[in-house]
Amino acid sequence: MTLHLVLVEPAGARNLGSVARLCANFGVAELRLVAPRCDPLGAEARQMAVHAQAVLETAPQFTDLAAALADCGRVVAATGRLEGAPLPLHGPAAALDWLGAGGGGAACGGEGAPGSLPLALVFGREDRGLSNDELLMAGRLLRLDAGSAYDSLNLSHAVAVVLHEWHQRHSRIGARLGPATGSTEPFTAEAPRAGAFPDPAARAALEAALGDGEALLLEVGFLLPHTARARMAKLRALLQRAQPDSAEVALLRGMVAQLRWAARRPCPPNAPH
């Protein structure tokens, strides 16, 4: 499975360097940065990355989250919210089991089967996390539990917890050691078998289908410009819960194209209105 870790507008250079080191520790294929608010190649980031400076040097940058996820299939986004999230919240075990349940090989972060889509873990801004629009680009939302007195985790600490859980559940060494360090017992987590479920369509294809649908619904008057965003968010949430695969997204786009053709076809003179 090819795993990408995506940071949206990271502001702390030391946090960013620490995350780069974690990517190297746990074999993440690529660190992707969305509009970083600090210098990824500055002294502070490099100092915290230690021997993982190459991760910073090769990290691609994107203007928005949609671009960073365009080639990805399964996406899990981390959020600190307890209420108001646009999709159901899951603990690390359930979210990461789902993330690893599609096609691909068994190695943590390594190359998957030919044609398999990359997986993505998304973390938001240190000060305000991810917006609803950004959370709706994920198939699952992951929340880490912490003490009620102060339940906000530092960004790099949250990444460390999630990547360690991913490594334990999906790497070969995690399967050998089991959930307790040094244990000789077999790993008993009931994670879905890799390849057990069809991979969802690439994010770019789903975004294109949603764009086609929004344009048609505006054209026929089902959507109005001032309410389109809220209603499309509900449609996006529906599709994210369904996680359609490539063939299903192609079917949706074909339906939209045919409906657009029918809506624009001149009405016969004697046709009933």
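Just so you know, all these numbers are worked out from the coordinates, no wet-lab data involved. Note that the structure is a prediction, hence the values are computed from the model and not measured. With ideal geometry, Cβ positions are generated from the backbone for all residues, glycine too; neighbour counts draw on all protein chains shown.
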Which value results when the Cα radius of gyration for segment 203-264 is divided by 2.2 N^0.38 Å? 1.09
Relative packing of peptides 63-73, 116-126 - highest average C-beta neighbours within 10 Å first: 116-126, 63-73
Nearest 20 debye, what's the magnitude of the dipole of segment 203-264 about its Cα centre given +1 on Lys and Arg Cβ and -1 on Asp and Glu Cβ? 180 debye
Rounded to whole Hz, the Karplus (6.51, -1.76, 1.60) HN-Hα couplings of segment 57-72, x for glycine and proline: 5, 9, 5, x, 10, 10, 7, 8, 5, 4, 5, 5, 9, 4, 9, 8
Given backbone amide H placed at 1.01 Å from N, residues whose amide H is under 5 Å from that of Val6, ignoring those fewer than 5 places away on the same chain, are Arg32, Leu121, Val122, Phe123
Which order do the peptides 204-211, 256-263 come out in when sorted by mean C-beta neighbours inside 10 angstrom, highest first? 204-211, 256-263
Run the dipole for segment 3-177 about the Cα centre, Lys and Arg Cβ at +1, Asp and Glu Cβ at -1, nothing else charged, and hand back the magnitude in debye, nearest 20. 400 debye
FRET efficiency for Leu82 and His164 from the Cβ-Cβ distance with R0 = 25 Å, rounded to 0.05, comes out at 0.65
Under Karplus coefficients 6.51, -1.76 and 1.60, residue-wise ³J(HN,Hα) of segment 5-22 in Hz, glycine/proline x: 10, 10, 10, 9, 6, x, 10, x, 4, 5, 4, 4, x, 5, 5, 4, 5, 5
Fewest-first ranking of Ser152, Ser131, using other Cβ atoms within 10 Å as the exposure measure: Ser152, Ser131
